[in-house]
Amino acid sequence: MSQGFTHTVLGNTGIPVHRLGLSATYRPGKKVVYKALDEDLNYFFFFGFDNQMVKVLREVLRQRRENIIVATGAYNLLWGHPNLRRTLEKRLRTLRTDYIDVFLFLGVTQEKHFTDQVKEELYQFREEGKVRAVGISTHNRKFAGKLVNEGILDVIMMRYNAAHRGAEQDIFPYLEKYNPGVVSFTATRWRYLIRRPKNWPKNEPVPTPGMCYRFVLSNPKVHVCMTAPANLKQFEENVKALRLGSLTQEEMELMTKFGDAVHHTKKWFM
């Protein structure tokens, strides 16, 4: 497995990361979290309610804190202002740790949601040493590109996959100036990228989940690609696929062509 393909540094944060990050959204079991650690994965995103991941992290953080990258955040409330500090303190207590590596303002859909107050609170957490890096997660690529270009974020978490490649125009061209960390999600587009759409020829192959992750990680602009397996088998298949490294030209052509076909089905997608 290529070190250059599977390991990197999370942008200007200086944090070394495995390029496949783990979320326990679909409750894959504690064995998956332990297996991820065995496979040298070190970027773990948790929401606060995913107890399987929390139980494992509590155990390993006591002895391996400097080697584990913990990412979490506070949800954007569409009505009203979230209590960021209360959320941060709760996450710290939950994991029984003194700091969070990456703390994000989650679900920013409009520019007005990321107020100066929110920004200053995030910066304050970083200055206090309770957070190493701050940022947002968003589907609003134009706004994300603006923030990246202005150097406001340490980390940007956004959608990027073969069906949604808009970040290549709206975000990636602005990264070089300040070099924020880039974390992507929905590599399989909620599994639509591994299902045959009605407009796809029956004699043409359908991508595997592993190809979806390799598509994302074949772009060096992305430092971490999140995976949320539902069980140990899915996780092991994804990790095994990474050993193949970047997509070949033929595989890349398949992924982009298939991604366009999925995108053109125009099914609802958050």
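The values are calculated or read from the model by the stated rules, or taken from the named source; none is laboratory data. All of these numbers come straight from a predicted model, not from anything done at the bench. Please note: Cβ atoms are built from the backbone with ideal geometry, for glycine as well, and neighbour counts cover all protein chains shown.
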### Summary
Across the stretch 220-270, the tally of residues that are hydroxyl-bearing (Ser, Thr, Tyr) and within 17 Å of Ala163 (Cα to Cα) stands at 3
### Query
Which of the residues spanning the stretch 126-158 are surrounded by fewer than 22 Cβ atoms within 10 Å (Cβ to Cβ) and not in a loop (DSSP other than H, G, I, E, B)?
Arg126, Glu127, Glu128, Arg132, Arg141, Lys142, Phe143, Gly145, Lys146, Asn149, Glu150
### Query
Which members of the stretch 177-215 meet the condition of being touching a strand residue (DSSP E or B) at 6+ places or on another chain (Cβ under 6 Å), of a type in the set (A, V, I, L, M, F, W, C) and surrounded by fewer than 24 Cβ atoms within 10 Å (Cβ to Cβ)?
Phe185
### Query
Mind checking which residues of the stretch 222-245 are surrounded by fewer than 16 Cβ atoms within 10 Å (Cβ to Cβ), within 14 Å of Phe5 (Cα to Cα) and of a type outside the set (A, V, I, L, M, F, W, C)?
Lys240, Arg243, Gly245
#### Entry: Unique residue being closer than 26 Å to Thr25 by Cβ and over 19 Å from the mean Cα position of the chain (by Cα) when the list is Lys177, Lys130, Lys146
Lys130
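When you look at Arg243, is it more than 28 Å from Asn12 (Cβ to Cβ) and out of contact with any strand residue (DSSP E or B) (no Cβ under 9 Å at 6 or more places or on another chain), yes or no?
yes
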### Task
Being crowded, with 19+ Cβ neighbours inside 10 Å, modelled with pLDDT of 95 or more and of a type in the set (Phe, Trp, Tyr) is the filter; apply it to the stretch 23-62 and report the residue that is nearest to Phe185 (Cα to Cα).
Phe45
#### Entry: Total residues in the stretch 99-109, condition over 17 Å from Tyr43 (Cα atoms), modelled with pLDDT of 95 or more and either of a type in the set (Ser, Thr, Tyr) or part of a loop (DSSP other than H, G, I, E, B) (or both)
0
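Being touching a Phe, Trp or Tyr at 6+ places or on another chain (Cβ under 9 Å) and without any contact (Cβ under 8 Å) to a residue 60 or more places away in the chain is the requirement here; does Leu57 meet it?
yes
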### Query
Of all strands (runs of 3 or more DSSP E) completely enclosed by the stretch 1-86, which ones contain at least 1 residues that are farther than 29 Å from Leu247 by Cα and touching a strand residue (DSSP E or B) at 6+ places or on another chain (Cβ under 6 Å)?
69-75
### Positions within the stretch 127-145 being out of contact with any Phe, Trp or Tyr (no Cβ under 8 Å at 6 or more places or on another chain) and of a type outside the set (Val, Ile, Thr), in sequence order
Glu127, Glu128, His139, Asn140, Arg141, Lys142, Ala144
### Query
Which of (1) more than 20 Å from Phe235 (Cβ to Cβ); (2) of a type outside the set (A, V, I, L, M); (3) assigned to a loop (DSSP other than H, G, I, E, B) does Gln169 not meet, given it meets every other one?
(3)
### Message
Going by what's in this entry, would Gln117 be described as among the polar types (S, T, N, Q), without any contact (Cβ under 8 Å) to a residue 40 or more places away in the chain, under 27 Å from Arg165 (Cα atoms) and surrounded by fewer than 17 Cβ atoms within 10 Å (Cβ to Cβ)?
### Response
no
### Message
So for the stretch 200-219 (the condition being touching a residue at least 60 places away in the same chain (Cβ under 8 Å), farther than 27 Å from Arg243 by Cα and hydrophobic (A, V, I, L, M, F, W, C)), does at least one residue qualify?
### Response
yes
### Task
Sort through Arg159, Arg191 and tell me the only one that's within 11 Å of the chain's Cα centre (by Cα) and within 18 Å of His264 (Cβ to Cβ).
Arg159
